[in-house]
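The values are calculated or read from the model by the stated rules, or taken from the named source; none is laboratory data. What you are looking at is a predicted structure, and each value in this text was computed from that prediction instead of being measured. Ideal geometry is used to build each Cβ from the backbone, glycine not excepted, and the neighbour counts take in all protein chains shown. Accessible surface areas use protein heavy atoms only, side chains included; no ligands, DNA or RNA. Shrake-Rupley method; radii C 1.70, N 1.55, O 1.52, S 1.80 Å.
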Amino acid sequence: EAKAAGRNAIRWFDHGMLKDDDGRLALSAALRQALEQGELSLAYQPQLDLATGQVVGVEALARWTSPTLGPVPPDRFIPVAEDGGMITHLGNWVLRTACEALVRMQEELGHPLRLAVNVSPRQLRGRAWLEEIADAISSAGIAPAQLEVEITEGLLIEDHGDVVAMLESLRSLGVAIVVDDFGRGYSSLAYLTKFPIDKIKIDRSFISEITCADNDAAIVDAIIVMAHALGMTVVAEGVETAVQERYLRERGCDEVQGYRYSPGVPADDVVQVTRALSG
Ligand code: C2E
Ligand code: MG
Ligand code: MG
Ligand code: MG
């Protein structure tokens, strides 16, 4: 029901807002203002270790409720931020806000958590971003190994040299590199050995079909085996049912994230949700 409503909302946006340039420009202007006026916030979705059932980390997810447009999903406003030249500003805000929130969460919780942050390819252009990351980590006082940067396959099919060098520098800071939405794109698997990748996040389209489509189950099996053979960790996103969880556990998937456990919640609720889940 909620899902259907979400889809309708997105469809409305497609037709009503984004298909014409005026709508897109209006959205871009509204987002620029939103960044200035602090209309953006972050939700944090727990990630659990499948073997122990403990919450081991959270993924920061950008949220925007516009006073005039209502809630705008990140799949809509992130591309607008990219096109409008605001993604660096937005990305830096996400990074700093999430690092600072992490410190408060783990103080209250009494043990460390990892933090996953999504970055878009455009945000990673230029070396300034590396300094930004190093500074966000040291300002907040978290260990670099606590931070995971989620990139998408799209980045890995861009011009190789620069991206490899940038990811190597990132990793030499101690930050982990995760490929998000793995399997959704159609790029070659060869990049897995060319880039410094620590973790693969299986796209939720495969997870949702695990128990009804043999082919998707086979792909999930293969991704887990391959990732482990390459020395990478595997996380499954979009886990919604006990059956999916059991399947993933039997196959040796390392971590899970999804509505079965919790949606993204405000920073203030993370500790309570984490305690309830880790019970
Ligand atoms: P993502 O990084 O793959 O994040 C996972 C998305 O799946 C999130 O949607 C999350 O709310 C949703 N999700 C989590 N569990 C389930 C589940 O069990 N079932 C289903 N159906 N969905 C689930 P959200 O928050 O709308 O984010 C959408 C995308 O927007 C993200 O996909 C990410 O690519 C992008 N995004 C979000 N925040 C940021 C950000 O700060 N920076 C950048 N560059 N991109 C962001
Ligand atoms: Mg992500
Ligand atoms: Mg994903
Ligand atoms: Mg995604």
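In the chain, the calculated helix contribution to ellipticity at 222 nm averages -15500 deg cm²/dmol per residue, counting -39,500 (n - 2.57) for every DSSP H run with n ≥ 4.
Per residue, the chain exposes 48 Å² of accessible surface when a 1.4 Å probe is rolled over the protein heavy atoms with every protein chain present.
Cα gyration tensor of segment 45-196, axes a ≥ b ≥ c as square roots of the eigenvalues: rounded (a/c below 1.5), prolate (a/b > b/c) or oblate? Judged from the Cα gyration tensor, segment 45-196 comes out rounded (a/c under 1.5).
If you take every DSSP beta bridge fully contained in the chain, what fraction is antiparallel? Give it as a percent rounded to 5. Around 40 percent of the beta bridges assigned by DSSP in the chain are antiparallel ones. Largest first and in whole Å, the equivalent-ellipsoid semi-axes of segment 32-80 read 30, 10, 8, each the square root of five times a Cα gyration tensor eigenvalue.
Can you check what the Kirkwood hydrodynamic radius comes to for segment 209-257, Cα pairs only, in Å to one decimal? Result for segment 209-257 stands at 10.8 Å.
Computed over protein heavy atoms with a 1.4 Å probe, the carbon and sulfur contribution to the accessible area of segment 79-143 reaches 50%. Checking every one of the chymotrypsin sites (Phe, Trp or Tyr not before Pro) in segment 171-202 against DSSP loop status and a limit of 12 other Cβ atoms within 10 Å picks out Tyr186.
Between Ser66 and Arg246, the FRET efficiency estimated from the beta carbon spacing at R0 = 41 angstrom works out to 0.50.
Using a Gaussian network model of the chain in which every pair of alpha carbons under 10 angstrom is joined by a spring, one finds that among Thr193, Thr88, Thr65 the greatest mean-square fluctuation is at Thr193.
Among beta bridges identified by DSSP and lying wholly in segment 46-149, the antiparallel ones come to about 45 percent. Length available on full extension from Leu130 to Ala229: 0.36 nm per residue minus the Cα-Cα distance, which gives 32.7 nm. Treating each Cα of segment 163-239 as an identical point scatterer and ignoring solvent, apply the Debye formula and state log10 I(q)/I(0) at q = 0.12, 0.23 Å⁻¹. The Cα Debye sum returns log10 ratios of -0.35, -1.08. Modelled spin labels at Arg104 and Asp75, positioned 7 Å past Cα toward Cβ, are 3.0 nm from each other.
Based on the Cβ-Cβ distance from Thr211 to Ile157, what FRET efficiency comes out when R0 is 30 Å, to the nearest 0.05?
So the FRET efficiency works out to roughly 0.45.
Per the Kirkwood formula applied to alpha carbons, the chain shows a radius of gyration over Rh ratio, Rg over Rh, of 0.95.
Our compactness index for segment 135-178, the C-alpha radius of gyration over the empirical 2.2 N^0.38 Å, is 1.25. Mean-square fluctuations from a GNM of the chain, with a 10 angstrom spring cutoff on Cα atoms, peak among Asp49, Asp254, Asp135 at Asp135.
For segment 94-178, the alpha-carbon coordinates run over 43, 21, 19 Å along the three principal axes, in decreasing order.
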